[in-house]
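Beneath this line is the structure, given in structure tokens, with notes to follow.
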Amino acid sequence: MDTPPATDPLDKLPAILKEDLDRNLCTCNEVVKMDVINAIADGAISVKAVKEQTLATDGNGCCRRQVERLIECICAPELEK
Ligand code: FES
């Protein structure tokens, strides 16, 4: 098996963003943070794609910045050390 192990998207998040994973990130549409993280990890790497998959940001858009931040962290290239 040459397939690399799947990386856990939570490994890419700073501790502060790993809190309240089972609470609503998008209160307008009752979308929990973990659902947004999983959508991003599965390829929804834009706010538009996250909205289409989860409905997060589809209310008045008040959680948009939080979704953008999660995308930034999860999609950031691995830093070479
Ligand atoms: S909390 Fe997500 S659109 Fe308002």
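The values are calculated or read from the model by the stated rules, or taken from the named source; none is laboratory data. The structure presented is a predicted model; accordingly, all values stated were derived computationally and were not measured. Here Cβ is always computed from backbone atoms with ideal geometry, including for glycine, and neighbour counts include all displayed protein chains.
Structure summary
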| read-out | value |
| --- | --- |
| Selection count where residues are in contact with a Pro (Cβ under 9 Å, 6 or more places away or on another chain) and farther than 14 Å from Pro9 by Cβ, scope the stretch 30-68 | 0 |
| Residue in the stretch 48-61 that is nearest to Ile74 (Cα to Cα), counting only those that are among the small types (Gly, Ala, Ser) and within 11 Å of the ligand (Cβ to nearest atom) | Ala56 |
| Matching residues in the stretch 22-46 - criterion: being away from the ligand (no atom under 14 Å from the Cβ) and in contact with a strand residue (DSSP E or B) (Cβ under 7 Å, 6 or more places away or on another chain) | Asp22 |
| Count of the stretch 62-81 residues which are surrounded by fewer than 18 Cβ atoms within 10 Å (Cβ to Cβ) and away from the ligand (no atom under 16 Å from the Cβ) | 9 |
| Residues of the stretch 1-47 satisfying the condition of being more than 16 Å from Glu72 (Cβ to Cβ), polar (S, T, N, Q) and at pLDDT 95 or above | Asn24, Thr27, Asn29, Asn38 |
